[in-house]
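Enquirer: I am attaching a structure below and will ask some questions about it afterwards.
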Amino acid sequence: MQPANQLNPDAPLRSILRSMPGSPTDRIGLLCSLAGLDRTSLAAAVGVHYVTLSRVVNGHTDDPGVRARIADRLGVTVEDIWPPSPAAAGARA
């Protein structure tokens, strides 16, 4: 019998996202491409203006609610797109 994570089709994608170099912008770009969405469609799907989406994705605005809706719409977790910084991870330990 296969381990449960090998039966989950999202597990390989999540592993790739967490290990890939790049920014949240890069991760969201990849996820949008896989989902057949452009940024305007993603903004509409999460209920924000395109400018708001851009500001959150590019790190100019920290809005946990919008981040959660983006991740949910793209089928991943917030941490898959915005991994915690090593300093923040150490502070939680």
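The values are calculated or read from the model by the stated rules, or taken from the named source; none is laboratory data. Just so it is clear, the structure is predicted and the values come from calculations on it, not from any experiment. Positions of Cβ are backbone-derived with ideal geometry, glycine not excepted, and every protein chain shown enters the neighbour counts. Side chains are part of the model used for accessible areas, which takes the heavy atoms of the whole protein and leaves out ligands, DNA and RNA. Shrake-Rupley method; radii C 1.70, N 1.55, O 1.52, S 1.80 Å.
Enquirer: So what is the accessible area of the range 30-69 per residue, in Å², with the probe set to 1.4 Å? List each step's numbers first, then the result.
Expert: Numbers: 2280 Å² over 40 residues.
I get 57 Å² per residue for this part.
Enquirer: Hey, if we sort 16, 28 by accessible area with the 1.4 Å probe, largest down, what's the order?
Expert: From most exposed to least exposed: 16, 28.
Enquirer: Taking the simple approach of a point 7 Å from Cα along Cα-to-Cβ for both residue 34 and residue 62, what is their distance in nm?
Expert: The answer from the label model is 2.7 nm.
Enquirer: In addition: Amide H of residue 61 versus every other amide H placed in the peptide plane: which residues, excluding those fewer than 5 positions away on the same chain, fall under 5 Å?
Expert: Amide H to amide H, under 5 Å and 5 or more residues apart or across chains, residue 61 pairs with 56.
Enquirer: Another one. Residue by residue through the range 42-59, which ³J(HN,Hα) values in whole Hz follow from phi under the Karplus form 6.51 cos²θ - 1.76 cosθ + 1.60 (θ = phi - 60°), with glycine and proline marked x?
Expert: The phi angles translate into 5, 4, 4, 5, 9, x, 10, 5, 4, 5, 5, 4, 4, 5, 5, 4, 8, x Hz.
Enquirer: For the range 17-72, give the percent of accessible area contributed by carbon and sulfur heavy atoms, probe 1.4 Å, rounded to a whole number. Please list the in-between numbers first.
Expert: Working: 1570 of 3040 Å².
That share works out to 51 percent.
Enquirer: R0 = 22 Å: FRET efficiency of residue 41 with residue 85, Cβ-based, nearest 0.05?
Expert: On the way: r = 30 Å, r/R0 = 1.34.
With a Förster radius of 22 Å, E is 0.15.
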